[in-house]
Structures are given as C-alpha cells and as structure tokens.
Amino acid sequence: DMDIPPFALAAGLQDGLPVRYLTTEEAVPRLPLPRAANTHKYRVGQGLIVAGSRQYAGAAVLAGLGARASGVGMLTLAVPESLRWMVVAQLPEALVIGCPETETGALADLPTDVANALDRYDAIACGPGLSRQAGAVVDAVLACNCPLVLDADALNHVAQRYPSVTLAQRSAPTVITPHLGEFRRLFPELTLPPLDPGQAAQAAAAQSQSIVVLKGACTALTHPDGQLWFNTDSTPGLARGGSGDVLTGLMGGLLAQAFAPLRGARPEVDHHGSKAALDLALDAALAGVWWHSQAAKDVASRHTELGVDGPRLAAALTATLSATLADRQSPIPEL
C-alpha cells in the first residue's frame, strides 16, 4: 500500500488496456496452422517482396528466405534487374521480377504489369535494402489496396512525407517495423521529450492507424486501439545487419497467409478503420516477432550470440517451430 487512493488509480486505468507479454502460448495460436487438407498455393497467400539494390543486394535474399520459411503459398520478389539471377539462385521456387534501376543500382520503377496489379497480392513487404533512391517504388506500394509491411528505406521515405497522414489514409492495414532511429525520423514529436518506448509506440499507432513494431532489445508491438505487447524473450545475437530483413520477409509471408482467406471480402475487410483487419495484422506481427526471436535463441544456443547471422537465422526458422510444436504436443509425464 503506497497510500494512493483507489479512486485515483481507477481514474487513471479505467480506459487503459493491460500490457501483455508475448509468449509461446500467445504466439502459436496466431500462426497459420493447421492447414486444410485440400488447400493449394493460391489459398495460402500470395506475397510480394519489394527489396534490394546494388549496394544492399543481400537484403532482398534475406527477406526472401524469411518469407519462404513462413510457408507462404506463392512468393514473388521485385528486385533491380542486375540482382535477378543472384536472387533466383538463392530462391529457385520464387517468381523473381527484374525491375528498371537507376545508375546507382536502386529500383527506379516497377514494370507496368506489376505496378498495375499490386492489389492481387495478399500482402506486400517493402523496404529492405532499397536505398534512398527508390522513392517512386515506395509511393506505388503505398497507393495500393493491399496489406503492407514497411521496413528500412520504405520507412525512411515515408518519414519525408507527413508519416502519420500518409499511413493513416491508406485503405488497407499497414505494419511498420522501425528500429529506434527510424522511429525518431517518423515520429520526432514522440521522442522529444522522450516517452517510454511503449507509450511512444502506442501514440504512433494511434496517429498512423498502423500496427507498430518498435524493434529493440525488448520489442514493443502496438495496435491503434491501444493494445501494447512486449517481446521479452529474445537474444542480443539479433544485434547485427540482416536480422531485420529476415523478420520483414517472415512477417510479410504470415500477413499474406492471414489475408488470403478474405480475398473475396477485401474492400470491406481491408479498410484501415476495420478492427478485424487490424487485428489480423497484429496477429501476423506477433507471430512473426515471436518466431524470429525464438529461432535466434535457438541459433545462439548452438553457435553463441556471435553466430546469429542472417542466413543461419533464416535457415533455423522451420526447425525451431517444429521443435516448439513437438514440445507442446508431448504428453505430460506422470509423476
């Protein structure tokens, strides 16, 4: 008892939602499992990744590997033409589209047939390795009526264009995945003076009407309705380049699988004001953050925290999930 009157506590908490912590019990039911026995690839998600540049060629591959591990039915990657064969060699099952590029090797534009059909995808992940010269491509993605995961240079581009307004006016759910530096560029008014990371993420979600994944040692995930989640079970092994690219691809694949069954209801379900649509996007984000961190912990346990590189992390995703599901299904031993 700290002599705080009960009425004061009630006044401060009556409209608040409790902070929740991301656990295996919370995450696994949000995965796209089990699948119907008679399903096919077009029913379990068509995902597009827009990523890569000559300078950051590996980012497109790592995002693609993350998406592949998610189990998405059909994966397409739009990359600069000069990267196309490298990506095909790493992801032979994906459809890899070579796009026009600038003199510096950044994506200059999407091919007309792709740009005119972005709405056919169940989800798009955009940003890893794009570089700051790919603004026209980011604008095309932002304008489509398709659930999005925005990361890295897609966020840096949005930061120059009234971020809260740009995101809030989208006609489909958006998940943004900034680290603290990107968050400061997107929402400088929420970091000066600094707020608690959870409070800052909540305010950003409300302003932008987006799911906010504020990455860090204790990643915060927020919904525009005020929900606040923390992922406290992670590893500093993720503190290296490429980790976020894998997460973006994984989350994009999960988002595509979440929205694939609702394709016929797209106009009603995808509007940013639809709580059902935002709930689906939050579920994909929660599942992705949990799965990503658990795979990183698994890799660190076998290779130390210095050995959690991007390719190894992506390769561990499937085995980590399989082991987790097996543990949950094991019978409780008799005492």
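The values are calculated or read from the model by the stated rules, or taken from the named source; none is laboratory data. Remember, it's a predicted structure, so these values are computed and weren't measured experimentally. All Cβ positions, even for glycine, are placed from backbone atoms using ideal geometry, and neighbour counts span all protein chains on display. Just the protein is used for accessible areas: all its heavy atoms, side chains included, with ligands, DNA and RNA removed. Shrake-Rupley method; radii C 1.70, N 1.55, O 1.52, S 1.80 Å.
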Restricting attention to the range 289-326, and to residues there that are small (G, A, S) and without any contact (Cβ under 8 Å) to a residue 12 or more places away in the chain, which single residue is least open to solvent (accessible area, probe 1.4 Å)?
A326
With respect to the numbered conditions (1) under 19 Å from L22 (Cα atoms); (2) assigned to a loop (DSSP other than H, G, I, E, B); (3) of a type outside the set (K, R), which one is the sole condition not fulfilled by A205?
(2)
Of all residues in the range 258-271 being open to solvent by less than 50 Å² (accessible area, probe 1.4 Å) and out of contact with any helix residue (DSSP H, G or I) (no Cβ under 7 Å at 6 or more places or on another chain), the one that is modelled with the highest pLDDT
A265
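Yes/no per residue for (1) within 30 Å of D298 (Cα to Cα); (2) open to solvent by less than 20 Å² (accessible area, probe 1.4 Å); (3) in contact with a strand residue (DSSP E or B) (Cβ under 7 Å, 6 or more places away or on another chain):
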| residue | (1), (2), (3) |
| --- | --- |
| Q207 | no, no, no |
| S210 | no, yes, yes |
| D225 | no, no, no |
| W229 | yes, yes, yes |
| G237 | yes, yes, no |
| G252 | yes, yes, yes |
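Yes/no per residue for (1) in contact with a Lys or Arg (Cβ under 6 Å, 6 or more places away or on another chain); (2) at pLDDT 95 or above; (3) more than 20 Å from A315 (Cα to Cα); (4) of a type in the set (V, I, T):
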| site | (1), (2), (3), (4) |
| --- | --- |
| P6 | no, no, yes, no |
| L13 | no, no, yes, no |
| L17 | no, no, yes, no |
| P29 | no, yes, yes, no |
| R35 | no, no, yes, no |
| H40 | no, no, yes, no |
| G58 | no, yes, no, no |
Considering only the range 95-116, state which residues are open to solvent by 70 Å² or more (accessible area, probe 1.4 Å) and either more than 15 Å from S82 (Cβ to Cβ) or under 25 Å from the mean Cα position of the chain (by Cα) (or both).
L95, D109, T112, D113, N116
